[in-house]
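See structure below.
The values are calculated or read from the model by the stated rules, or taken from the named source; none is laboratory data. Keep in mind that what you see is a predicted model, and the values were worked out from it rather than measured. Methodologically, a virtual Cβ is constructed for each residue, glycine included, from the backbone with ideal geometry; neighbour enumeration extends over all protein chains shown. Please note that ligands, DNA and RNA were not included when accessible areas were found on the heavy atoms of the full protein model with its side chains. Shrake-Rupley method; radii C 1.70, N 1.55, O 1.52, S 1.80 Å.
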Amino acid sequence: MSPEALATTPRVDRASGLAAYAADPAASRGRNHPEAPPRHRSDFQRDRDRIVHSSAFRRLEYKTQVFISHEGDLFRNRLTHSLEVAQIGRSIARALRLNEDLVEAIALAHDLGHTPFGHAGQHALNDCMKAYGGFEHNLQSLRIVDLLERHYAEFDGLNLTFETREGILKHCSPQRALELGAIGRRFLEKQQPSLEAQLANVADEIAYNNHDVDDGLRSGLLDMDQLTEVSLFRECLEAVHARYPGLEPRRVQHETVRRMIDALVSDLIETSQAAIDDQRVQSPDDVRQADQSLIRFSPEMADQAHELKVFLRENLYHHHQVHAVMHKARQLIQDLFAAFDSEPRLMPERFQRHAEQLAGTDPHAPQRAIADYIAGMTDRHAIREHHRLFDLGTLT
Ligand code: MG
């Protein structure tokens, strides 16, 4: 870097080696239940560790991302997806000198609230809950880390820092923001979240767009020819063919997807750093006041990423074979909800008690407890539960 460039670079570094605009665990807004600081790790590392040790995290292994888990062992599930988000997020965080531990904590927790059967499950549960405040996986992730994990002696939930919780709550209606208090305030005041939260959000998008291409090809629901209508895929595929003529298809596929991830990540790092420098962002507070997200793609790459997203929506998520499975999954969730709603004693006692505990604070406590129970199920737990309740053959 030239001396001139150095003179105009507004970044001020901390002793930690992180940029001055990175989230600082020592300046955390704290936890709902005050705790002594950890002795040998930062508060964000403690958050990450608590998430990894939670039951909800282990359940991610058996929750559908796009493909139902028993359709094949090599497809992504919510656990491997969350690990990919964390890995992509950490790489970018290091390049931008942001707090990697916070990005990782948010990435590993971001999908904890997903129902079984992916978006079909969420839509079905949201329909069932329409008259009772609705269901949204993003809010459910927060509910898990704030309330539903019950393993600690001194508090419900994981008692995470404000910064990790804020990162988990990606979006939220004004009404819900009001109810949530401090954590919802930024939605009402139109402030940005930390750069680490912004980054975890984009890393999620990079991860799923690319692994869905990979899984789509592996499953045979997508083919290479069809994907060449997506400019980012086409450019990367051409680069692979030019460099390795005659390469076997499986390796071509992997080389193409890895180039796509690399192109997106590199563009994101360079564009975001330029935006941070341009706006002379010097502190986490400056980040909050910015008029838009600073972690972003260049306009050209944003167009390419959008094109890929639209392609996947039309050709993979709406593929008739995916629809057929999801149609059944929707029915299954509706059946379970209706059964528990008409007879709460069909639920395990723990969730019957949970409904009683919610009664003081939630006007729709019985239904919210059912939603908490169903949302926590893995795909196979939901299928087993449906057999148990509806398969008359098991009576004999
Ligand atoms: Mg995700």
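Below is a table of values for the structure above.
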{"quantity": "Checklist (1) more than 15 Å from the ligand (Cβ to nearest atom); (2) among the hydrophobic types (A, V, I, L, M, F, W, C); (3) open to solvent by 10 Å² or more (accessible area, probe 1.4 Å); (4) not in a helix (DSSP H, G or I) applied to residue 66, failing item", "calculated": "(1)"}
{"quantity": "Sole residue being open to solvent by less than 50 Å² (accessible area, probe 1.4 Å), touching a residue at least 60 places away in the same chain (Cβ under 8 Å) and within 26 Å of residue 18 (Cβ to Cβ), chosen from 120, 93", "calculated": "93"}
{"quantity": "Failed criterion for residue 120 (all others in (1) away from the ligand (no atom under 16 Å from the Cβ); (2) within 30 Å of residue 250 (Cβ to Cβ); (3) in a helix (DSSP H, G or I) hold)", "calculated": "(1)"}
{"quantity": "Answer from 112, 102, 60 - the residue that is in a helix (DSSP H, G or I) and within 11 Å of the ligand (Cβ to nearest atom)", "calculated": "60"}
{"quantity": "Region 152-168, residues that are among the aliphatic types (A, V, I, L, M) and within 14 Å of the ligand (Cβ to nearest atom)", "calculated": "168"}
{"quantity": "Unmet requirement for residue 74, which otherwise passes all of (1) part of a helix (DSSP H, G or I); (2) open to solvent by 10 Å² or more (accessible area, probe 1.4 Å); (3) not hydroxyl-bearing (Ser, Thr, Tyr)", "calculated": "(1)"}
{"quantity": "Some residue of region 308-315 being modelled with pLDDT under 95 and either exposed (fewer than 14 other Cβ atoms within 10 Å of the Cβ) or not assigned by TED's automatic domain parsing to the domain that holds residue 120 (or both)", "calculated": "yes"}
{"quantity": "Filter result for residue 188 (assigned by TED's automatic domain parsing to the domain that holds residue 57, aliphatic (A, V, I, L, M), open to solvent by 10 Å² or more (accessible area, probe 1.4 Å) and away from the ligand (no atom under 16 Å from the Cβ))", "calculated": "yes"}
{"quantity": "Residue 214 vs. criteria under 28 Å from residue 313 (Cβ atoms), open to solvent by less than 20 Å² (accessible area, probe 1.4 Å) and either within 16 Å of the ligand (Cβ to nearest atom) or not hydroxyl-bearing (Ser, Thr, Tyr) (or both)", "calculated": "yes"}
